[in-house]
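K.L.:
A single structure is presented below for examination.
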Amino acid sequence: MGVLEAEGIVLRKYYLRETSYILVLYTREFGKVRGVLKGVRKPFPQFAANFEMLSLCRVLFYKKKKSVLDLITHCEAKDYHRALRSSLEKLVYASYFVELVDSVTQDHDPNPLIFDILRGSLDMLGRAGGAKRVRRVFEIKFLGALGFSPQVDRCVKCSSDVEGKSFFSAASGGIMCGGCRDDKNGGMPVSLGTAKFISKIQRSEMDRAEHIKLSREVGLEIEKMLDSFIRYHIGRPVRSLKLLGDLSRSGMA
Ligand SMILES: [Zn+2]
């Protein structure tokens with residue numbers, strides 16, 4: 001097979017030898033690509049900056065049949081995402097996005113929507129504006145791309161429109177009305193504003209979603225709801241979430 005060309009975002013980078021790296025990228029065309037990049041010339045860091053985590057790169061590579069590692073022959077940054085690297089808060093959110101994408105995707109299993117959501121979210125983070133809101137948009141869109149969108153416009157049990165307070169449970173996949181809520185999987189109370197915000201983001205384009213406002217109360221509810229939902233579907237704690245918690249307790253995020 002000949003050389004393949006793709007556009008990808010660097011999820012991880014390992015130092016292999018003095019002039020070699022293992023790069024893990026999420027590409028639009030081929031999904032996750034994991035490969036060795038050899039012969040990275042000195043002096044660093046001007047070459048190393050080409051493939052830092054979060055960089056959007058143009059990459060040329062060969063698929064290797066008998067190896068889990070492809071051979072990357074060229075990797076060049078098109079967007080280093082400099083704007084988001086100057087803020088610790090934004091950098092931690094960006095690492096969280098990348099970690100989520102890495103943890104649920106397989107090598108060579110393309111999902112262009114996931115690439116577009118990751119790229120769009122990194123771009124959004126780089127612009128001014130609330131990093132927390134970008135995180136909500138990313139999570140809601142990302143769950144949708146995986147086919148795990150929580151149902152928030154109607155009760156998951158009886159399909160009735162929910163007016164007023166509803167109850168969310170990750171196991172049932174969305175919100176329940178007061179009548180259908182049972183003691184076994186009680187669910188956390190969710191206000192109508194929260195359900196409406198999530199539903200609006202689910203239906204909006206990425207660049208419009210950025211401008212949908214939410215109140216502090218809705219933000220806190222959504223955080224609890226999405227955290228439990230993501231833990232339920234990903235099935236293991238996300239490392240960067242712990243860091244986000246530490247940052248927010250220290251007042252930095
Ligand atoms: Zn119901």
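The values are calculated or read from the model by the stated rules, or taken from the named source; none is laboratory data. Since this is a predicted model, take the numbers as computed values, not measurements. Because the Cβ atoms are built from the backbone with ideal geometry, glycine has one as well, and the counts that use them run over all protein chains shown. Please note that ligands, DNA and RNA were not included when accessible areas were found on the heavy atoms of the full protein model with its side chains. Shrake-Rupley method; radii C 1.70, N 1.55, O 1.52, S 1.80 Å.
K.L.:
Give the separation of the Cα centroids, segment 93-162 to segment 184-211, in Å.
P.N.:
12 Å
K.L.:
Report, by chain and number, residues whose modeled amide H sits under 5 Å from the one on Gly31, excluding near sequence neighbours (fewer than 5 apart, same chain).
P.N.:
Counting only residues 5 or more places away or on other chains, the set is Asn111.
K.L.:
Now a separate question. With angles folded into 0 to 90 degrees, how steeply does helix 216-234 sit against the dominant principal axis of the chain? Use alpha carbons for both and round to 10.
P.N.:
That helix lies at roughly 60 degrees to the long axis.
K.L.:
What list of ³J(HN,Hα) couplings, whole Hz, do you get for segment 155-168 from phi and the Karplus terms 6.51, -1.76, 1.60, once you set θ to phi - 60° and write x for glycine and proline?
P.N.:
Whole-Hz 3J(HN,Hα) from phi for segment 155-168: 4, 5, 8, 10, 6, 6, 5, 9, 10, x, 6, 10, 10, 9.
K.L.:
Which residues among segment 111-149 fall inside the zone where the amide N is under 15 Å from a point 7 Å beyond the Cα of Tyr232, along Cα→Cβ?
P.N.:
In segment 111-149, the label zone of Tyr232 (backbone N under 15 Å from the point 7 Å along Cα→Cβ) covers 140, 143-144, 147-149.
K.L.:
Rounded, prolate or oblate, given the Cα gyration tensor of segment 26-131, with a/c below 1.5 counting as rounded? Intermediate results must be reported in sequence, preceding the final value.
P.N.:
Numbers: a/c = 2.32, a/b = 1.30, b/c = 1.78.
Since a/c reaches 1.5 but b/c is at least a/b, the shape of segment 26-131 is classed as oblate.
K.L.:
Averaged per residue, what accessible surface does segment 4-80 expose to a 1.4 Å probe, in Å²? Display every interim value, and only then the final one.
P.N.:
Numbers: 3940 Å² over 77 residues.
So segment 4-80 comes to 51 Å² accessible per residue, rounded to a whole number.
K.L.:
Also: Subtract the Cα-Cα distance of Arg203 and Asp246 from 0.36 nm times their separation in residues, and report this length gain in nm to one decimal. Walk me through the intermediate numbers first.
P.N.:
Numbers: separation 43, 0.36 × 43 = 15.48 nm, distance 3.22 nm.
Working it through step by step, the gained length comes to 12.3 nm.
K.L.:
A further question follows. What accessible area per residue, rounded to a whole number of Å², is obtained for segment 81-145 using a probe radius of 1.4 Å?
P.N.:
With all protein chains present, segment 81-145 gives 35 Å² per residue.
K.L.:
Shifting gears a bit: If amide H atoms are built 1.01 Å from N in the plane of the peptide, which residues on other chains or at least 5 residues away come under 5 Å of the amide H of Arg12?
P.N.:
Distant-sequence amide H within range of Arg12: Val24.
K.L.:
222 nm [θ] for the chain, helices only, -39500 (n - 2.57) per DSSP H run of 4+, per residue, to 500?
P.N.:
Working: 8 runs with 97 residues, N = 253.
One gets -12000 deg cm²/dmol as the mean residue ellipticity at 222 nm.
K.L.:
Can you give me the long-range amide H partners of Thr73? Hydrogens built in the peptide plane at 1.01 Å from N, cutoff under 5 Å, separation of 5 or more residues or another chain.
P.N.:
For Thr73, the qualifying residues are Leu60, Phe61, Tyr62.
K.L.:
While we're looking at this one, here's another question. What do you reckon, how do Glu217, Glu99, Glu52, Glu5 stack up by accessible area (1.4 Å probe), largest on top? Intermediate results must be reported in sequence, preceding the final value.
P.N.:
Values: Glu217 125, Glu99 25, Glu52 55, Glu5 100 Å².
Reading off the accessible areas and sorting them downward yields Glu217, Glu5, Glu52, Glu99.
K.L.:
Tally up the carbon and sulfur contribution to the accessible surface of segment 4-80 as a whole percent, 1.4 Å probe, everything protein left in place. Walk me through the intermediate numbers first.
P.N.:
On the way: 2100 of 3940 Å².
Accessible surface attributable to carbon and sulfur in segment 4-80 totals 53 percent.
K.L.:
Next question. If you line up the long axis of helix 112-126 against the longest principal axis of the chain, both from Cα atoms, how many degrees apart are they, to the nearest 10?
P.N.:
90 degrees
K.L.:
Still on this structure, please answer the following. In whole percent, and with a 1.4 Å probe on the protein chains, what portion of the accessible area of segment 88-249 is carbon and sulfur?
P.N.:
Details: 3960 of 7840 Å².
Here carbon and sulfur together make up 50 percent of the probe-accessible area.
K.L.:
Assuming R0 = 25 Å, can you tell me the calculated FRET efficiency for the pair Ser159 and Asp182, based on Cβ-Cβ distance, to the nearest 0.05?
P.N.:
Numbers: r = 17 Å, r/R0 = 0.66.
Efficiency at R0 = 25 Å is approximately 0.90.
K.L.:
I'd like the orientation of helix 131-145 relative to the chain: the angle between its Cα long axis and the longest Cα principal axis, in ° from 0 to 90, rounded to 10.
P.N.:
The angle comes out near 90 degrees.
K.L.:
Also: Specify which residue in the list His233, Ile201, Val101 is farthest towards the positive end of the charge dipole of the chain, using unit charges on the beta carbon of Lys, Arg (+1) and Asp, Glu (-1), about the Cα centre.
P.N.:
Val101
K.L.:
So, one more: Compute the length gained on full extension between Ile212 and Ala128: take 0.36 nm times their separation in residues and subtract their Cα-Cα distance, giving the result in nm to one decimal. Display every interim value, and only then the final one.
P.N.:
Values: separation 84, 0.36 × 84 = 30.24 nm, distance 1.46 nm.
Full-extension gain reported as 28.8 nm.
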